[in-house]
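To start, the structure under review is shown below, and the notes come after it.
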Amino acid sequence: MATIVKCSGLRSLGWAAGLLLVAAGCAGPPMYHDFTLERQSHELSIAAVEDVTRLAPDERARLDGFLAEYGKRGLAPLTITVPAESEDDEAALRRGRALERYAYRRGVAPGAVRLGLEVEAAEGPRLATLHFEGIKVRVPQCGDWSRPTHYNPTNALPPNYGCATRRNLGLMVANPAHLVGPAPLGLRDTARSDLIIGKYRRGEVTGAEKTAEEKATVSEEISE
């Protein structure tokens, strides 16, 4: 429905694993078509090293792509789990901190990383696991021409009513999670507004000053 972000029921459902969020039941006229939202897990296993810059180029590219995907549609937190020989393994903790710092440098919001150690046997490759949850949108399939368009004595809505609009919205949205709730507002740049307000309080002109060439009167233009 067009008012999906205003339906408080969606935000109160919680994010249980595998839960399907169906955009229906909100106030407004009934719709033949709508998209559905479902939770989707994203995971990456990568070598645990103390210096991320020493990763192989393909590994580094995979890590950068994963963090970029988190920035586009990830739901906090971003969890980083590092294998360790014990709960107080300092070397494993350093490897985890290195990945955490790298994630922040790549644009992950401060405080969004949750770091943990997983005690396991020393056999096999030492791989760190990065994980986050996101939202996937499933759009409706349009093209239902089962009813004749030239005969509608009851004035009922056609089967395709609203389908293209809902499908296009689901395909175009950058982050499907914004269909559940809007993104938080960022900080505004107050430098310009403070300057204008200051001029207004001092009784000064708040608009941009015009040069002599930019000024003209109607009488001058007509006389020419």
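The values are calculated or read from the model by the stated rules, or taken from the named source; none is laboratory data. From a predicted model like this one, the values you see are computed outputs, not experimental measurements. So basically every Cβ, Gly included, is an ideal-geometry build from the backbone, and we count neighbours across all protein chains shown.
Have a look at A92, A84 and point out the one that is touching a helix residue (DSSP H, G or I) at 6+ places or on another chain (Cβ under 8 Å), outside the structural domain of A174 (by TED's automatic domain parsing) and surrounded by 15 or more Cβ atoms within 10 Å (Cβ to Cβ). Answer to the selection: A84.
Test A103 against the stated conditions and say whether it is touching a residue at least 12 places away in the same chain (Cβ under 8 Å), under 17 Å from S41 (Cβ atoms) and not assigned by TED's automatic domain parsing to the domain that holds N175.
Answer is no for this residue.
Just need a number here: residues in the stretch 130-174 that are more than 12 Å from H33 (Cβ to Cβ), among the small types (G, A, S) and either in the same structural domain as R97 (by TED's automatic domain parsing) or in contact (Cβ under 8 Å) with a residue 40 or more places away in the chain (or both). Count: 2. In the stretch 135-151, the count of residues that are surrounded by 10 or more Cβ atoms within 10 Å (Cβ to Cβ), of a type in the set (D, E) and over 25 Å from G65 (Cα atoms) is one or more. Restricting the stretch 54-66 to residues that are touching a helix residue (DSSP H, G or I) at 6+ places or on another chain (Cβ under 8 Å) and at pLDDT below 95, the residue that is surrounded by the fewest Cβ atoms within 10 Å (Cβ to Cβ) is R60.
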